[in-house]
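Chemist: Encoded as structure tokens, here's the structure I'll be asking about.
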Amino acid sequence: MTEAKTGVAAGLAESRAQKSAVRSMIERVGTHNLSLLIALAILIAIFGGLRPDVFFLVRNILNIGQAIAILGVLATAQTIVIVSGGLDISVGAIVGMSTVYIALAVGWTGSPLLSILFGVFVGAIAGVVNGVIITVGRINAVIATLGTMAVFRGVAFIVSNGQSISIFDPAFRFIGNGKIFGLPVTIMVLIAMVAAFFVLMNYTVTGRNIYAIGGNQVVARLAGLNVRAYQIGVYTLSGATAGLAGMLLAARTGSGQPISGSDGLELEAITAAVLGGCALTGGKGTIIGGRLGVLIIGVLDNGLILTSVPTFYQMVAKGVLLIAAVIIAELQGRRYG
Amino acid sequence: MAGSSPAPKRLESVVEAVGVSKDFGVVRALDRVSLAIRAGEVLALVGENGAGKSTLIRIFEGVFRPDSGAIVALGAQRVFRSPADAHAVGIRVIHQEPDIIPDLSIAENLFLGDLRRTRRIFFDRGDAARRTRQILAEFGLEKELEPWTRAGDLGPAQRQLMEIMRALRGGLRVLALDEPTSSLTEDEAQRLFRVVRRLKADGVAIVYISHRMREVRELADRVAVLRDGRLIVDRPIAEIADNEIVQAMVGRPISDLFDRSERRPGPPVLCVRGLTTKRVKDVSLDVRAGEVVGLAGLIGAGRSELAEAIFGHDRSLAGSVAVGGRAIRLRSPADAIAAGIGFAPEDRKSQALLLLRSVANNISLAVPDLISRFNFVRFGAERSIAASLVDRLRIRTPSLDQAVSKLSGGNQQKVVLGRWLARRPKALILDEPTRGIDVGAKAEIYRLIAQLAAEGVALLVISSELPELIGLADRIVVMAGGRIVGELPRGEAKEERILQLAMAEALGEVGEARIN
């Protein structure tokens, strides 16, 4: 009798263990990331089905990678800003400003490394300005960065005199178009940035604390965190990363252009982060999710071009994607929250 | 159905649950509960958190539908598809946080959807004001409130009464109040009780959910105890003793809740001198090692504000705080924490917990130095710290990775305490540590406070439940109007004395009260 009972109990425990194996895998990937992967698979199936001749070529896949590298870098930083409870819509303008300063610095110093560092530095300063305005001035992040966006854009035009400045340095040509072991340098930069931010957010106390201040500032402060310092740090990081994205853009185009980065880059970065599961209220979102968001945008862009959808319709498609993503996230939140 | 009840006609059942069960996933929230709610009677519904009180109320209110069993209202079986169906038969629930529209006036809130118009366009201000004044007068609020006062400017007690006024409009038969006094002062609570008694006299059936035994005793005619979704007790209040009720709630006898053994406090640990903020005036206070000091006062007396000032959350204008003889520069809570102070704030959900994050993450939040090396989290160290506190505090959670939002109130509070215990604080400030948590968890927190005192921690405890404060504290400091107005040692700390001191400020007898 007892034997039979333990047999049944063991069977039950076993089936529970199996169930929980699948469950724990889903939990590890995250339900939101899972639905992003499914969406990505659907997009790939659609475009792969429509243009099987081109879509799966290595060349095309690398194209997608190169196209999303800059956006990917920006979206990674944006994810952290949003997790911290803020929003940075000045990143596109910082990218443009950074390209101009890098192009000028190449002329002044002749050193590509110094020029790149200078571009990142300029971006970081812009980020500090954002952070100080938001924390010390107690101004809403959207309003503050909307204002600085115009300022940074203006600065880029002033210092460049509104002109495009060409970069002839071969190092930049290599960064923009070169490959190492068949992998474009831009993609390598993206992967390095994603890895760095992933480690930051998941394995360091700093990352934990960024989640904490985004989750609830009062709680974070009462637990002894210096909320202001973290906020300024996050915007500085976002600015510096935009400076680095400016380097990639300058390298891709071989020039510093004050107008560059103004084609809605910041909105695409926010779209990607929200697609990736960030809550605009803060405290929630993952680096990997944000990357999946970027991939979806990249595949969608690429597929729409391959299937000859006119540019104007592509914009509509992207807008619809953002709204659909938010609605889905909202529904999921209701179900699981 | 009709006539089956032997009760006198005055106490006929207005609404009745018959064998109602409700499951949420694998959790059985209600298990074949049969309970009648009768006109002209106050029914106290008690039970620990998670016992099924709220689920039962929501079924009566039409928010949930029972999985089995039936609701009989006004003599006929009914299915409530939405709260509107419940409202139609006169069932109203006043929740802990009344839903009012803060930017509209009292009058507009009261008559929302029923504003009379003049010439079919503009609503009739005169008429609305007249009707509102009339209702305010019925509640004895006519001197206190104006019809055009912005509802958002009302205090919690006034909002609650406004909700009741609104409920009265639509032919009220059943009024359920969910923990109505949790944010009220003694005076406000008494006023609410008067309203409840009057409604009862008018034949309204009252369902009163509360954790406070004294209120249940004072107000109820009948008491129903739920435990784990089952109805354990349904008896007239006169036939049952307090400890029987508590025992029914907990399912086991509760020995003396408070540790009454004599404590021998050591030297002063937390020394506050002349501390002044916008809301706190010139407060000086010592808490010694191994001593529990209770901080009493009415709502708005400045107790939480004092706690926040000591902890550096509120900017202090003058005065000093010292821990262990060393003065601290208070610029932010980080300074207080570094000096060895811990603080469990009043509202754990909005001030203490990261609701989306895990139990382990919430416990380790204030000890980054112990769980990291070169900024990298040592997950093993974090888990062992969290696990030992989960164990010590008996936090009931499926795992260390569980989001704290999913825990019960009592377990959430233990997570907050765990965060500070991880730091081994010299002084601990607890603001309403047992608010909204069940009897079992309360007893555990009382035990923990006694244990911490025995270990030499200096404890400053704020509570609005005087019996609790008297049971816990070695001495009670009373605040009013941002000042300390009196101090009572354990032997002299009686509820009347404390209230007398707490209300002295309002009566302009501060000096006299001090001499008393």
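Chemist: Once you have the Kirkwood Rh of chain B from its Cα pairs, apply Stokes-Einstein at 37 °C and 0.692 mPa s and quote D in µm²/s.
Modeler: 131
Chemist: Right, here's the next one. How far is helix A:311-336 tilted, in degrees, relative to the longest principal axis of the Cα atoms in chain A, given as a value from 0 to 90 rounded to the nearest 10?
Modeler: Its long axis makes an angle of about 40 degrees.
Chemist: Same structure again: Provide the percentage of antiparallel DSSP beta bridges, counting only those with both residues in the protein assembly as shown; round to the nearest 5.
Modeler: 60
Chemist: Quantify, in whole percent, the carbon and sulfur part of the accessible surface of the protein assembly as shown (1.4 Å probe; protein heavy atoms only).
Modeler: The computed percentage sits at 57.
Chemist: Please identify, among A:Ala69, A:Ala242, A:Ala273, the residue showing maximal mean-square fluctuation in a Gaussian network model of chain A using a 10 angstrom Cα cutoff.
Modeler: Of the options given, A:Ala69 has the highest mean-square fluctuation.
Chemist: Could you name every residue in region A:217-254 that has 50 Å² or more less accessible surface in the full protein assembly than in its own chain alone (probe 1.4 Å, ligands and nucleic acids excluded)?
Modeler: A:Val219, A:Arg221, A:Leu222, A:Ala223
Chemist: Quick one, can you get me the convex hull of the C-alpha atoms of region B:243-397 expressed as volume per residue in Å³? Display every interim value, and only then the final one.
Modeler: On the way: hull volume 28.2 nm³, N = 155.
Dividing the Cα hull volume of region B:243-397 by its residues yields 182 Å³.
Chemist: Sticking with this one: Let me have the relative contact order for region A:34-336, percent, based on Cα pairs under 8 Å that are six or more residues apart.
Modeler: On the way: 520 pairs, mean separation 105.5, N = 303.
Value for region A:34-336: 35 percent.
Chemist: If the convex hull of the alpha-carbon atoms of region A:34-336 is projected onto planes in all directions, what is the mean projected area in square nanometres?
Modeler: 16.2
Chemist: Separate question: For chain B, what relative contact order do you get, as a whole percent, if you take Cα pairs closer than 8 Å and at least 6 residues apart?
Modeler: Answer for chain B is 14 percent.
Chemist: Among the residues of region B:278-327, which ones have their accessible area go down by 20 Å² or more when all the protein chains sit together, as opposed to their chain alone (1.4 Å probe)?
Modeler: B:His313
Chemist: Still on this structure, please answer the following. Using bins 5 angstrom wide from zero, how does P(r) for region A:263-310 break down, in % of all Cα pairs?
Modeler: 5, 22, 23, 22, 14, 7, 4, 2
Chemist: Counting other Cβ atoms within 10 Å, keep those with at most 15, restrict to DSSP loop, and tell me which GluC sites (Glu not before Pro) in region B:130-214 are left. The partial results should precede the final answer.
Modeler: Values: sites: B:Glu138, B:Glu142, B:Glu144, B:Glu163, B:Glu186, B:Glu188; in loops: B:Glu142, B:Glu144.
Those that pass, being in a loop and sparsely packed, are B:Glu142, B:Glu144.
Chemist: Related question: With every protein chain left in place and a probe of 1.4 Å, what is the accessible surface of B:Cys271, to the nearest 10 Å²?
Modeler: Accessible area of B:Cys271: about 30 Å².
Chemist: Mind listing, in residue-number order, the residues in region B:371-404 that have at least 20 Å² less accessible area with every protein chain present than in their own chain alone (1.4 Å probe)?
Modeler: Those are B:Asn375, B:Phe376, B:Val377, B:Phe379, which lose 20 Å² or more relative to the chain on its own.
Chemist: Send over a whole-number figure in Å² for the accessible area per residue of region A:34-336, probe 1.4 Å.
Modeler: 42
Chemist: Within the set A:Lys284/A:Lys318; B:Lys278/B:Lys406; B:Lys22/B:Lys349; B:Lys53/B:Lys406, which residue pairs have Cα atoms separated by over 29 Å?
Modeler: Pairs exceeding the cut-off: B:Lys278/B:Lys406.
Chemist: Whole percent per 10 Å bin, from 0 to the bin with the longest distance: what is P(r) over all C-alpha pairs of the protein assembly as shown?
Modeler: In whole percents, the pair-distance histogram is 2, 10, 17, 19, 19, 16, 10, 5, 1, 0, 0.
Chemist: How big is the B-A contact in terms of buried accessible area, both chains counted, 1.4 Å probe, rounded to the nearest 100 Å²?
Modeler: 2100
Chemist: If one takes the longest principal axis of the Cα atoms in chain B, at what angle in degrees, from 0 to 90 and to the nearest 10, does the Cα axis of helix B:186-201 lie?
Modeler: Once rounded, the angle reads 20 degrees.
Chemist: What residue among A:Leu71, A:Leu244, A:Leu57 shows peak mean-square fluctuation when chain A is described by a Gaussian network model with Cα springs under 10 Å?
Modeler: A:Leu57
Chemist: A further question follows. Please give the per residue accessible area of region B:125-171, computed with a probe of 1.4 Å over protein heavy atoms only, in Å².
Modeler: 48
Chemist: What's the local net charge at B:Val367, with K and R +1, D and E -1, over the other residues with C-beta under 10 Å away?
Modeler: Charge balance in the 10 Å sphere: +1.
Chemist: Ok, one more. To test your reading of the geometry: what angle, between 0 and 90 degrees and rounded to tens, separates the Cα axis of helix A:141-160 from the longest principal axis of chain A?
Modeler: Helix A:141-160 and the main axis of chain A meet at about 30 degrees.
Chemist: Another question about this same structure. Ordered by packing density, taken as the mean number of other Cβ atoms within 10 Å over each peptide's residues, highest first, how do B:165-174, B:354-363, A:105-114, A:289-298 rank? Spell out each step's value before the answer.
Modeler: On the way: B:165-174: 17.7, B:354-363: 23.4, A:105-114: 15.4, A:289-298: 25.2.
Sorting B:165-174, B:354-363, A:105-114, A:289-298 by mean packing, highest first, produces A:289-298, B:354-363, B:165-174, A:105-114.
Chemist: Net charge near B:Leu356: determine it from the other residues with C-beta under 14 Å of the C-beta of B:Leu356, scoring Lys and Arg +1 and Asp and Glu -1.
Modeler: Summing Lys/Arg as +1 and Asp/Glu as -1 gives +4.
Chemist: Shifting gears a bit: Which of the peptides B:424-437, A:136-149, B:196-209 is most tightly packed, and how do the rest follow, going by the mean number of other Cβ atoms within 10 Å of each residue?
Modeler: B:424-437, B:196-209, A:136-149
Chemist: Continuing with this model, one more query. Heavy atoms of the protein only, probe of 1.4 Å, neighbouring chains included. What is the accessible area of B:Asp282 in Å², nearest 10?
Modeler: 100
Chemist: Also: Would you mind giving the mean number of other chain beta-carbons within 10 Å of the Cβ of each residue in B:341-348, as a whole number?
Modeler: For peptide B:341-348, the averaged partner shielding equals 1.
Chemist: While we're looking at this one, here's another question. Would you mind counting up the charge near B:Cys271? Only other residues with Cβ under 14 Å from its Cβ, with Lys and Arg at +1 and Asp and Glu at -1.
Modeler: So the environment of B:Cys271 carries a net charge of +2.
The values are calculated or read from the model by the stated rules, or taken from the named source; none is laboratory data. Note that the structure is a prediction, hence the values are computed from the model and not measured. FYI the Cβ positions are ideal-geometry reconstructions off the backbone, even for glycines, and counts take in every protein chain you see. In case anyone asks, the SASA skips ligands and DNA or RNA and just uses the protein heavy atoms, side chains included. Shrake-Rupley method; radii C 1.70, N 1.55, O 1.52, S 1.80 Å.
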